[in-house]
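Rule-based calculations on the coordinates, nothing more; no lab input. Remember, it's a predicted structure, so these values are computed and weren't measured experimentally. Quick reminder, even Gly has a Cβ in these numbers, built from the backbone with ideal geometry, and neighbours come from all protein chains shown.
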Amino acid sequence: MNDQTFNQFGDVLAGLFDSMFPALITIAVSLCAIWGAYLGFKWWRSGGDENKRKEAKSALASFVIGVVVIFVVAVAAPILISALSEWMTNNAV
């Protein structure tokens, strides 16, 4: 595969990803909201049962930590990629 074919293939993949990205984000955020509501409902429905409450609270805490980690990665990745790209451009051999 020569460089021109590789670049064309990369452009097609980038265009496909760019066209699907908003829909994928919408689906992911919707699923996240539904799952968060389910966990909140599970915690609320645990009533006086201490084991169920502890399990639901643990699941809810894990959910929040996961969402925070995903958000941090989503914010940090483009910044890191941009910085590395600039560094590689300026320090080309």
Using only Cα atoms, find the angle between the long axis of helix 50-90 and the longest principal axis of the chain, and express it within 0 to 90 degrees, rounded to the nearest 10. 10
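Among 59-65, 8-14, what's the highest-first ranking by average C-beta atoms within 10 angstrom per residue?
Numbers: 59-65: 12.9, 8-14: 10.3.
The packing order, highest mean first, is 59-65, 8-14.
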